[in-house]
Amino acid sequence: VDASGLRVDLLAATSADAVIVTAAHQYPLGGVLPADRRAALVAWAEARNSLVVEDDYDAEFRYDRAPIGTLQGLAPAHVAYAGSASKILAPGLRLGWLIAPPQLVEPLAAAKVSADMGSAALDQLAFADVLERGELDRHLRRMRSIYRRRRDALLSALAEHLPTLRPTGASAGLHVVAWLPAGLDEDRVVSNASAAGIGISGLRPRRIAPGPSGLVFGYGGIREDAIRPAVRRLAEVLRSAA
Ligand SMILES: Cc1ncc(COP(=O)(O)O)c(C=O)c1O
């Protein structure tokens with residue numbers, strides 16, 4: 001995986017028969033899987049008769065880019081599309097949905113029953129009602145502008161107080177990754193930030209191979225007016241960690 005997502009050429013060299021991708025907004029770096037790699041991924045799945053799980057976890061929130069078509073639409077027989085209420089409404093709901101290739105629908109339903117006997121019926125009915133009344137669309141429209149303002153506040157505070165950090169993947173979602181300048185230890189920055197009352201995480205726990213250091217700024221749960229003071233405080237932390 002790199003900033004624009006999956007390296008399909010490397011995937012083809014493995015014996016994998018399924019792959020999970022966050023094609024619309026790679027988690028955590030935020031890249032969009034480009035059209036040529038989408039086509040290569042679909043060609044790989046078709047040639048190997050394998051499965052792509054498309055985890056579309058946050059793409060309803062996009063700010064300055066056009067919507068991106070799903071992989072599932074390109075190859076419905078080989079892609080299982082997964083969506084979740086977690087980012088668009090509330091993580092506590094624990095509701096999600098799958099559009100799966102037809103031959104997987106029954107086995108998936110059986111697996112869900114053996115895992116937990118199915119999700120809570122009342123929660124599903126309430127969610128269906130929210131959808132039918134158009135409330136989710138209204139909620140998304142409202143939240144898109146709130147999250148965009150938080151994202152803009154974060155980017156402008158980073159540019160002002162931490163100009164040596166390089167943000168990436170900010171065009172969608174509820175988080176921004178910023179690369180740390182060489183010489184700053186990610187773990188040290190994260191633990192010093194925590195000691196200063198700033199909850200932030202690094203890229204290292206999300207890596208399967210070593211790579212450059214970076215910080216993951218989640219702005220889904222922070223008030224807009226709290227962002228700038230927190231970034232200013234983080235800049236002090238970084239100066240003391242340097
Ligand atoms: C990459 C990714 N996929 C999916 C999800 C949603 O997971 P769940 O629906 O279990 O809350 C998240 C939530 O943070 C995520 O970051």
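The values are calculated or read from the model by the stated rules, or taken from the named source; none is laboratory data. Values in this document were obtained by computation on a predicted structure and should not be read as measured data. Because the Cβ atoms are built from the backbone with ideal geometry, glycine has one as well, and the counts that use them run over all protein chains shown. Accessible surface is based on the protein model in full, side chains and every heavy atom, while ligands, DNA and RNA are left aside. Shrake-Rupley method; radii C 1.70, N 1.55, O 1.52, S 1.80 Å.
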Small (Gly, Ala, Ser) and at positive phi - does that describe any residue in the stretch 153-169?
yes
Somewhere in the stretch 62-83, is a residue among the acidic types (Asp, Glu) and farther than 26 Å from residue 169 by Cβ?
no
Pick out the one residue from 129, 152, 116 that is open to solvent by 60 Å² or more (accessible area, probe 1.4 Å) and within 20 Å of the chain's Cα centre (by Cα).
152
Residues in the stretch 37-57: is at least one within 13 Å of the ligand (Cβ to nearest atom), part of a loop (DSSP other than H, G, I, E, B) and on the phi > 0 side of the Ramachandran plot?
no
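Listed here are the residues, each with its yes/no results for (1) under 30 Å from residue 148 (Cα atoms); (2) within 11 Å of the ligand (Cβ to nearest atom); (3) aliphatic (A, V, I, L, M); (4) loosely packed, with under 13 Cβ neighbours inside 10 Å.
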site: 66; (1), (2), (3), (4): yes, no, yes, yes
site: 70; (1), (2), (3), (4): yes, no, no, no
site: 82; (1), (2), (3), (4): yes, yes, yes, no
site: 92; (1), (2), (3), (4): yes, yes, no, yes
site: 96; (1), (2), (3), (4): yes, yes, no, no
site: 100; (1), (2), (3), (4): no, no, yes, no
site: 104; (1), (2), (3), (4): no, no, yes, no
Name the residues in the stretch 26-64 that are among the aliphatic types (A, V, I, L, M), open to solvent by 40 Å² or more (accessible area, probe 1.4 Å) and within 29 Å of residue 180 (Cβ to Cβ), would you?
32
Here is a check on your reading of the model: is residue 110 closer than 30 Å to residue 126 by Cα, more than 15 Å from the chain's Cα centre (by Cα), open to solvent by 50 Å² or more (accessible area, probe 1.4 Å) and away from the ligand (no atom under 15 Å from the Cβ)?
yes
Kindly indicate whether any position in the stretch 183-200 is in contact with a His (Cβ under 6 Å, 6 or more places away or on another chain) and buried (at least 17 other Cβ atoms within 10 Å of the Cβ).
no
Report yes if some residue within the stretch 118-126 is within 29 Å of residue 172 (Cα to Cα) and either touching a Gly at 6+ places or on another chain (Cβ under 8 Å) or in contact (Cβ under 8 Å) with a residue 40 or more places away in the chain (or both); otherwise report no.
no
Looking only at the stretch 127-139, count how many residues are touching a helix residue (DSSP H, G or I) at 6+ places or on another chain (Cβ under 9 Å) and more than 16 Å from the ligand (Cβ to nearest atom).
6
Of the residues in the stretch 203-234, how many are among the hydrophobic types (A, V, I, L, M, F, W, C) and surrounded by fewer than 15 Cβ atoms within 10 Å (Cβ to Cβ)?
3
Output yes when any residue across the stretch 141-149 is within 16 Å of the ligand (Cβ to nearest atom), within 18 Å of the chain's Cα centre (by Cα) and closer than 27 Å to residue 30 by Cβ, and no when none is.
yes
